[in-house]
Amino acid sequence: WAPARAARRLWLRVGPIHAVTYLAPECDERCRARGLKGVWRGYFASRSAPMGAASPELVIATFHGFAPHLVERAIPDAWSFAAPEAVLASRLELATNVLGHAVTAEQAAPLGDALQAVVEGLDFAGKPPAAAHDAVPLPSDDPLSRFWLLDAVVREYRGDCHISLLVADGLNGVDANVLNVAAGRTFPQQQALRGWSDDEWAAGTARLRERGWLDDAGELTEAGTAYRNELEDRTDQVCEAWMTDEAIAAAADVTEDIRAAARSLRAHLSPA
């Protein structure tokens, strides 16, 4: 593993593990049990719970990419049904139960150790969601939830680094989504999934045309392709600039083991 690629390769592997608390069939049922009816109440509350009773403004600012009205319909209303501590506890329980179908506690323990070595070498300045997840006490007697929580820290860390570059490059939430759709890096339905109106989407498309990144048909230009690829490289550089050498080495060492766990999990969630 080349050190310059360690952060990206690890991030690609931790993503599926992190996503179980959004995608597992049990997710909606558990959110409803807490009074969090509706997909977005559960999503925004569970992901922001480590930051406490976050305001809609804080969630909009730190998540980036979601239409503000989508967040405002869910937050702070969600906190009237369930306190952040309860939401977080439910989320960790869900992660433990789902991961348990694919990874044993004995397998999860060394994965957690390796990820902890990565996390201990991170600098969290300017990375609020990652820092908030890192502040959650690690369960000492539950290797599965410990593994998932450390995985979430790493996932949010790279996401925070990525957002910092989007903001520095003048890309707001809708612009970033338009670019990702054009680049084939996300779902074609992303406009609706992230809550952007037709007018907002059209304005974002126009801004990217002005930059020379989209052509008149809304397709990615050569310059747009170059920028989007460069953005990923720069994200890696920003991530690793704030990682110790030990953290980068640990990331390279654990990546394939995380990949194997993710494959087992995918097989459980999507049986043939």
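The values are calculated or read from the model by the stated rules, or taken from the named source; none is laboratory data. Note that the structure is predicted; figures quoted are calculated from it, not measured. Cβ placement follows ideal geometry from the backbone for every residue including glycine, while neighbour counts extend to all protein chains displayed. Accessible surface areas use protein heavy atoms only, side chains included; no ligands, DNA or RNA. Shrake-Rupley method; radii C 1.70, N 1.55, O 1.52, S 1.80 Å.
Working only within the stretch 41-64, note down all residues that are open to solvent by less than 20 Å² (accessible area, probe 1.4 Å) and closer than 13 Å to Ala83 by Cβ.
Ala45, Ser46, Ser48, Ala49, Ala54
Please work out if Ala102 is touching a residue at least 60 places away in the same chain (Cβ under 8 Å) and either of a type in the set (D, E, K, R) or under 21 Å from Arg146 (Cβ atoms) (or both).
Taking the combined requirement at face value, the residue satisfies it.
Output yes when any residue across the stretch 237-256 is open to solvent by 50 Å² or more (accessible area, probe 1.4 Å), in contact with a strand residue (DSSP E or B) (Cβ under 9 Å, 6 or more places away or on another chain) and at pLDDT 95 or above, and no when none is.
no
Confirm whether Ala74 is within 30 Å of Val178 (Cβ to Cβ) and either open to solvent by 10 Å² or more (accessible area, probe 1.4 Å) or among the aliphatic types (A, V, I, L, M) (or both).
Yes.
Having 2 or more residues that are at pLDDT 95 or above is the bar; report the helices (runs of 4 or more DSSP H) wholly within the stretch 17-70 that clear it.
The helices (runs of 4 or more DSSP H) meeting that bar are 39-48, 56-63.
Yes or no: the stretch 192-205 includes at least one residue that is at pLDDT 95 or above, of a type in the set (Val, Ile, Thr) and either open to solvent by 30 Å² or more (accessible area, probe 1.4 Å) or under 12 Å from Arg228 (Cβ atoms) (or both).
No; the residues of the stretch 192-205 include none that is at pLDDT 95 or above, of a type in the set (Val, Ile, Thr) and either open to solvent by 30 Å² or more (accessible area, probe 1.4 Å) or under 12 Å from Arg228 (Cβ atoms) (or both).
Scan the stretch 257-271 for residues that are in contact (Cβ under 8 Å) with a residue 40 or more places away in the chain and of a type outside the set (A, V, I, L, M) and report the count.
Residues in the stretch 257-271 being in contact (Cβ under 8 Å) with a residue 40 or more places away in the chain and of a type outside the set (A, V, I, L, M): 5 in total.
Out of the stretch 150-179, which residues are touching a Lys or Arg at 6+ places or on another chain (Cβ under 7 Å), within 20 Å of His133 (Cβ to Cβ) and acidic (Asp, Glu)?
Selection gives Asp160 alone.
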